[in-house]
Structure formats: structure tokens, C-alpha cells
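J.: So that we are looking at the same thing, I have put the structure below in C-alpha cells.
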Amino acid sequence: MKLLIDDADIEKIRKIYEFYAIDGVTTNPSILAKSGRKPYEVLREIRDLLGEDAELHVQVVSSKADDMVKEGKKIVEKLGKNTYVKIPTVPEGLKAMRILHNEGYKITATAIYTPLQAYLAAKAGANYAAPYVNRIDNLGTNGIEVTRKIHDIFENNGFKTEILAASFKNSLQVLELCEYGVGAATVAPDIIEGFINNTTNVQAAVQDFTDDFEKLCGEGKTMLNCD
Ligand code: E4P
């Protein structure tokens with residue numbers, strides 16, 4: 001399962017990128033609004049940090065297909081080849097997906113709440129379909145189950161479309177989809193940091209190793225200088 005960061009805060013992205021193997025960044029208009037900065041300025045910084053090979057997913061805001069297409073083209077023109085145009089999976093969006101797909105653009109179908117919505121996105125040529133796990137849970141339906149169904153629909157029908165699971169509230173939701181082998185998940189930085197949890201136990205174990213080694217070789221010694 002690929003792992004992406006669902007945020008536009010450059011410092012948070014930098015910190016996660018320094019330590020973990022991350023495949024890219026996703027944003028949406030609400031995430032960009034939180035930055036309070038000009039969208040392309042923030043996105044350019046993110047792209048420069050990620051490099052041109054990482055995935056950057058950027059959402060269109062227009063509501064008509066023709067305008068979505070124009071927006072999508074501008075997004076890719078400004079942010080480079082591995083930029084995915086995120087398009088809401090509504091009728092106008094599905095029309096825009098088909099047009100952009102036929103012209104070779106990479107598409108992420110977003111705002112997915114049902115398996116059949118994802119099916120339509122796959123038919124329209126989307127590279128990714130993004131079910132909103134936690135928002136689905138909040139409607140009283142099981143977001144994990146919906147996402148698994150989408151995974152099975154893609155597998156059983158031979159679609160190339162991958163899942164980009166989104167909208168997570170906790171790491172258990174991510175774990176369940178990782179176990180199931182979905183294509184990708186985009187997760188907020190604080191939840192990614194929580195993947196290494198129970199830090200008290202982990203730190204205690206590491207400290208014991210250090211103490212034992214220093215008893216053997218002396219204070220401050222490591223495998224670098226214990227000859
Ligand atoms: C995907 O990129 C979605 O825009 C995002 O994950 C939604 O997350 P939220 O439900 O936490 O706003």
C-alpha cells in the first residue's frame with residue numbers, strides 16, 4: 001500500500017518526509033484554505049520538496065466539466081508530470097475525467113461514498129478512486145467495508161484503477177486497509193506519526209540495548225568505535 005500525506009503544511013510534510021518512505025501528498029480546497037496562502041505558491045513549495053517523481057494530487061474547484069478540464073490542465077502545467085487532477089465523482093466530474101483521461105492526464109476520482117460511484121470513476125478512466133473512510137463511518141455505514149468492496153470490484157472486473165483511501169480518523173482504519181492490500185492511503189501527519197506508538201515501551205527497549213552495550217564497551221561506544 002502506498003502512503004501519502006493528506007496535508008499542505010510544508011513543515012509537517014518536511015518532517016514526515018525526513019523519516020518515513022512516503023509516496024506523495026494529497027490536498028483538497030479545504031486543506032489549501034487552511035494554509036491561508038496562495039494555492040500555487042504552497043503547491044510549488046510542496047512539489048519542490050517532493051521532487052518531480054512523487055505524486056502530488058490537486059483538486060479542481062469548478063462545477064462544470066469544461067471548466068474542470070481547463071483547471072486540471074492548468075494544475076498539471078504548473079506542477080509537473082506526476083500531478084494527479086482530483087475531480088469530485090459527480091456527473092460533471094465523471095464527464096471531465098473521461099475527457100482528461102483520453103488526453104493522457106492522471107486522474108484521482110474523489111469524494112467517493114459508495115462502491116458504484118467508484119465503479120463509474122473506474123469506467124471513466126480514473127487512475128485512483130478515493131473513498132472517504134471516516135466520513136462514510138460518520139453516515140452510519142462502514143467505511144472500511146465500502147473500501148474493501150471497491151477493491152474487490154476493481155479486482156474482479158480487471159480495472160486498472162487503484163484505491164486511494166482517504167479521510168482517516170485513526171490508525172486502526174489505516175491498518176485494516178493495509179491488511180487488505182488496497183493500493184494507497186492518504187493520511188494526516190499526526191496519524192502517520194501515531195503508527196509508531198507505545199513510544200514508552202519502544203524507548204525503554206532501545207535504552208536497555210544501549211545500556212548493555214555500554215557496560216560491555218564503555219560509555220558512548222557504538223559499533224563504530226568498539227574495536
Ligand atoms: C482526500 O484527499 C480527501 O480530500 C481528504 O482525505 C478528506 O479528509 P477529511 O474527511 O478528513 O476532510
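The values are calculated or read from the model by the stated rules, or taken from the named source; none is laboratory data. Values in this document were obtained by computation on a predicted structure and should not be read as measured data. Note that each Cβ is placed from the backbone with ideal geometry, even for glycine, and that neighbours are counted across all protein chains shown. Quick note on the areas: whole protein, heavy atoms, side chains included, nothing else; ligands and nucleic acids left out. Shrake-Rupley method; radii C 1.70, N 1.55, O 1.52, S 1.80 Å.
J.: I need the helices (runs of 4 or more DSSP H) fully contained in segment 157-224, keeping only those with at least 3 residues that are without any contact (Cβ under 8 Å) to a residue 40 or more places away in the chain. I'd like the intermediate steps shown before the answer.
T.: Values: elements: 171-180, 189-193, 199-217.
Answer list for segment 157-224: 171-180, 199-217.
J.: Also, I was wondering about something else. Would you be able to tell me the number of residues in segment 91-106 that are open to solvent by less than 70 Å² (accessible area, probe 1.4 Å) and touching a residue at least 24 places away in the same chain (Cβ under 8 Å)? If you could, list the steps in order and put the result at the bottom.
T.: Restricting attention to segment 91-106, the residues satisfying the condition of being open to solvent by less than 70 Å² (accessible area, probe 1.4 Å) are 92-94, 96-97, 99-100, 104-106.
Okay, now just the ones that are also touching a residue at least 24 places away in the same chain (Cβ under 8 Å), so 92-94, 96-97, 99-100, 105-106.
The number of residues fulfilling the criteria is 9.
J.: Taking residue 72 and the conditions (1) open to solvent by 70 Å² or more (accessible area, probe 1.4 Å); (2) small (Gly, Ala, Ser); (3) within 23 Å of residue 183 (Cβ to Cβ), which numbered condition does it fall short on, given that it satisfies the others?
T.: (1)
J.: Only one residue in 37, 47 is away from the ligand (no atom under 16 Å from the Cβ) and under 15 Å from residue 84 (Cβ atoms). Which one?
T.: Numbers: 37 fails: under 15 Å from residue 84 (Cβ atoms).
Selected residue: 47, the only one of 37, 47 that is away from the ligand (no atom under 16 Å from the Cβ) and under 15 Å from residue 84 (Cβ atoms).
J.: State all residues of segment 14-32 that are assigned to a loop (DSSP other than H, G, I, E, B), in contact with a helix residue (DSSP H, G or I) (Cβ under 8 Å, 6 or more places away or on another chain) and either within 10 Å of the ligand (Cβ to nearest atom) or among the small types (Gly, Ala, Ser) (or both); if no residue qualifies, say none. So that I can check it myself, show each step before the final result.
T.: Residues of segment 14-32 assigned to a loop (DSSP other than H, G, I, E, B): 20-23, 27-28.
Next, from what is left, pick out any that are in contact with a helix residue (DSSP H, G or I) (Cβ under 8 Å, 6 or more places away or on another chain): 20, 22, 27.
Of everything in segment 14-32, just one residue is assigned to a loop (DSSP other than H, G, I, E, B), in contact with a helix residue (DSSP H, G or I) (Cβ under 8 Å, 6 or more places away or on another chain) and either within 10 Å of the ligand (Cβ to nearest atom) or among the small types (Gly, Ala, Ser) (or both), namely 27.
J.: Turning to a different aspect of this structure: Taking residue 156 as the residue in question, decide whether it is touching a helix residue (DSSP H, G or I) at 6+ places or on another chain (Cβ under 9 Å) and more than 14 Å from the ligand (Cβ to nearest atom). It would help to see each step written out before you state the result.
T.: On the way: touching a helix residue (DSSP H, G or I) at 6+ places or on another chain (Cβ under 9 Å): no; more than 14 Å from the ligand (Cβ to nearest atom): yes.
Here the answer is no, as residue 156 does not meet what is asked.
J.: In segment 1-26, how many residues are without any contact (Cβ under 8 Å) to a residue 40 or more places away in the chain and among the hydroxyl-bearing types (Ser, Thr, Tyr)?
T.: Final tally of qualifying residues: 1.
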